[in-house]
Amino acid sequence: MKILPVQVTAIESLGYTEKEARFLYLVATHSGYFVPRQFLAFAGLRRGRRMTYFWTKTQSKKHTRIRQMPNHETVYHLFSRKVYRQIGPENLLQRRRHEIEYIEARIAVLDFVLENPGFSYLETEAQKVAYFNGELTVGLQHLSSRTYQGGRIVEPTVRYFVDRFPMFFQDENSTAPVVTFTFIQGPEASLAAFVHHLHDYLPLFRKLREFRFLYLARLDTHFARARQLFHSLVTIPLEPNPSDDLFRYFAIRKAWDQRQYASLSEDDLIYRNLAQERFSSQRFEQFYHAWKVGRVAESHIRHQLTGSEIPHLAHFETQILKPYSPPQEVEEADP
């Protein structure tokens, strides 16, 4: 993580110490929200007068406001335009008020960034667009985007990568650095948001020869299902001809289901066993049963599984996202 001295100095000019300024820079850039334990861990402090002084200072300067969460946890929202103006983009979405689910996600993002300071992050929308559209020459139409409608005399605004999940390089100095995308699962039982996220990013994934994807959650409840969804919605569609393989599997499976054993060769049975795992997700089960009874046309399924023109290497990992905690505290509590 690279924080330019000029950015730290700019926030220090508002009346903060260097450590406070570095922390506020990370909050402004990655989350917009923080909780007391995150600052205490970052600063190496225990609760005491110095900690209270920091909270009081941010509020007396009207740089933060307090939000009480349903679990009674106190959350600080860094909303001041003065702070954001010091580091450049003063109209970041973090300045706005948000719903509880969004706030929880941003706190999780800050936990991840604080825990992984050695990564090289694409921090802002401009940096991400410059990398994919500029350096990799990926067309803007392939980037994750959202259009915000203006008024009667204001043109619509297109914003890119509005999810703001961490995006980084583990080894930027490599001759061929590989970008890592992330998704942070909230407390909800549904994986609908994850599915939508993958659909939104698939056009970009199609343009990358290699990338990593890290699925983060506080619990491992959805890890197996998330891996299956990624395989179904990303890995298979990025293969050269997934449709041909899928319909061969469907034909063999249908013959087996109808007990037409004589029509199947030993190679067919071997292929069926291999394809069973590859096409094991609920999505392909639904395709098969609809196709088998003629409820959906083959052309429709092929359209859903358009293959890729270039070879891809997609790495998928899951990881428990724990509250940030440094190895040890470096300062004692105030007397």
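The values are calculated or read from the model by the stated rules, or taken from the named source; none is laboratory data. The structure presented is a predicted model; accordingly, all values stated were derived computationally and were not measured. Cβ coordinates were reconstructed from backbone atoms using ideal geometry, including for glycine residues, and neighbour counts include every protein chain displayed. Heavy atoms of the whole protein, side chains included, go into the accessibility calculation; ligands, DNA and RNA do not. Shrake-Rupley method; radii C 1.70, N 1.55, O 1.52, S 1.80 Å.
At a glance:
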{"item": "Apportionment of accessible area to carbon and sulfur, the range 1-54, percent (1.4 Å)", "result": "57"}
{"item": "The range 224-322: relative contact order in percent, alpha carbon pairs under 8 Å with at least 6 residues between", "result": "49"}
{"item": "Phi to ³J(HN,Hα) by Karplus 6.51 cos²θ - 1.76 cosθ + 1.60 over the range 203-214, Hz, x for Gly, Pro", "result": "x, 6, 4, 5, 8, 10, 6, 8, 7, 10, 9, 10"}
{"item": "Pairwise FRET efficiency - VAL162 versus LYS61, Cβ, R0 = 45 Å, nearest 0.05", "result": "0.95"}
{"item": "Length-normalised contact order of the chain in % [C-alpha pairs under 8 Å, at least 6 apart]", "result": "20"}
{"item": "Whole-number percent relative contact order across the range 173-264, with pairs defined as alpha carbons under 8 Å at least 6 apart", "result": "29"}
{"item": "Bridge type composition, the chain - antiparallel percent by DSSP, nearest 5", "result": "55"}
{"item": "Proximal lysines relative to LYS57, as straight alpha-carbon distance under 25 Å, when same-chain residues fewer than 8 apart are discounted", "result": "LYS19, LYS82"}
{"item": "Sparsely packed trypsin sites (Lys or Arg not before Pro) within the range 1-55, loop by DSSP, other Cβ within 10 Å at most 13", "result": "LYS2, ARG46, ARG47"}
{"item": "Residue order for GLU135, GLU12 - accessible surface, 1.4 angstrom probe, largest first", "result": "GLU135, GLU12"}
{"item": "Per residue accessible area of the chain, 1.4 Å probe, in Å²", "result": "53"}
{"item": "Percent accessible area from carbon and sulfur atoms, the range 162-316, protein chains only, probe 1.4 Å", "result": "51"}
{"item": "Separation of alpha-carbon centers, the range 48-71 and the range 272-318, rounded to whole Å", "result": "51"}
{"item": "DSSP bridge orientation in the range 165-321 - percent antiparallel, rounded to nearest 5", "result": "15"}
{"item": "Most mobile listed residue (LEU26, LEU14, LEU216) in the chain, GNM with C-alpha springs under 10 Å", "result": "LEU14"}
{"item": "Expected 222 nm ellipticity per residue - DSSP helices of 4 or more, -39500 (n - 2.57), all of the chain, to 500", "result": "-12500 deg cm²/dmol"}
{"item": "Distant alpha-carbon pairs in the chain (separation over 34 angstrom), percent", "result": "37"}
{"item": "ASP220 paired with GLN127, simple spin-label distance in nm, labels 7 Å along Cα-to-beta-carbon", "result": "3.1"}
{"item": "Segment PHE316-GLN260, extension gain: residue separation times 0.36 nm, minus the distance between their alpha carbons", "result": "16.3 nm"}
{"item": "Top of PRO70, PRO311, PRO36 by mean-square fluctuation, Gaussian network on the chain, Cα under 10 Å", "result": "PRO70"}
{"item": "Point-to-point label distance, GLU298-ARG50, nm (Cα→Cβ direction, 7 Å offset)", "result": "7.2"}
